[in-house]
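The values are calculated or read from the model by the stated rules, or taken from the named source; none is laboratory data. Because the structure is a prediction, the values reported are computed rather than measured. As a convention, Cβ positions derive from the backbone with ideal geometry for all residues, glycine included, and neighbour counts pool all protein chains shown.
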Amino acid sequence: METAVFVAGALVCLLGAFGLVTSENPVHAALSLVGTLIGIAVLFIAQDAEFLAAVQIIVYAGAIVVVFLFVIMLIGVETSEDLRVEPLAGQRAAAVVASLVLAVGLVGVFLL
């Protein structure tokens, strides 16, 4: 039974995280975040950490996501941006270089 609860909670977490990353609508992304946080609460309950599960639901899925939704509604979701125009020139290249440096550093730490 514990394995089934773990698999169900992990599946909810993974599906919510996938929805969060792939969603184009910010409101749908916030709702996917709620699903992920609820899945984490289920995993806390499976580990007999009821207090952490309650805090997870009340504080994170309740208060923090409400603040996210408030900000999303405040800035407006009806406007669309042109993704072909690079707002900060060189940002992608700097991110690739930083990622490669971080990856090499992590591999070096694990090998030593």
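Condition first: surrounded by 10 or more Cβ atoms within 10 Å (Cβ to Cβ) and either in contact (Cβ under 8 Å) with a residue 12 or more places away in the chain or β-branched (Val, Ile, Thr) (or both). Now tell me which residues in region 98-112 satisfy that.
Val101, Val104, Val107
Please pick out the residue among Val42, Val27, Val12 that is closer than 21 Å to Ile75 by Cα and touching a helix residue (DSSP H, G or I) at 6+ places or on another chain (Cβ under 9 Å).
Going through Val42, Val27, Val12 in turn, the sole match is Val27.
Could you check region 48-84 and list, in sequence order, the residues that are at pLDDT 80 or above and of a type in the set (Ser, Thr, Tyr)?
Tyr60 - this is the single residue of region 48-84 that is at pLDDT 80 or above and of a type in the set (Ser, Thr, Tyr).
Out of curiosity, is Ala95 in contact (Cβ under 8 Å) with a residue 12 or more places away in the chain and surrounded by 10 or more Cβ atoms within 10 Å (Cβ to Cβ)?
The answer is no for Ala95.
Restricting the search to region 18-43, which residues are out of contact with any Gly (no Cβ under 9 Å at 6 or more places or on another chain) and not acidic (Asp, Glu)?
Phe18, Val21, Thr22, Ser23, Asn25, Pro26, Val27, Ala30
Would you mind finding the one in Val27, Val67, Val5, Val21 that is in contact (Cβ under 8 Å) with a residue 40 or more places away in the chain and under 16 Å from the mean Cα position of the chain (by Cα)? Even if it seems obvious, please write down each step before you answer.
On the way: Val67 fails: in contact (Cβ under 8 Å) with a residue 40 or more places away in the chain; Val5 fails: under 16 Å from the mean Cα position of the chain (by Cα); Val21 fails: in contact (Cβ under 8 Å) with a residue 40 or more places away in the chain.
On inspection, the qualifying residue turns out to be Val27.
Among the residues of region 38-80, count how many are aromatic (Phe, Trp, Tyr) and surrounded by fewer than 11 Cβ atoms within 10 Å (Cβ to Cβ). Can you show your working first?
We begin by selecting, within region 38-80, every residue aromatic (Phe, Trp, Tyr); these are 44, 51, 60, 68, 70.
When the remaining residues are screened for being surrounded by fewer than 11 Cβ atoms within 10 Å (Cβ to Cβ), the result is 51, 70.
Selection size over region 38-80: 2.
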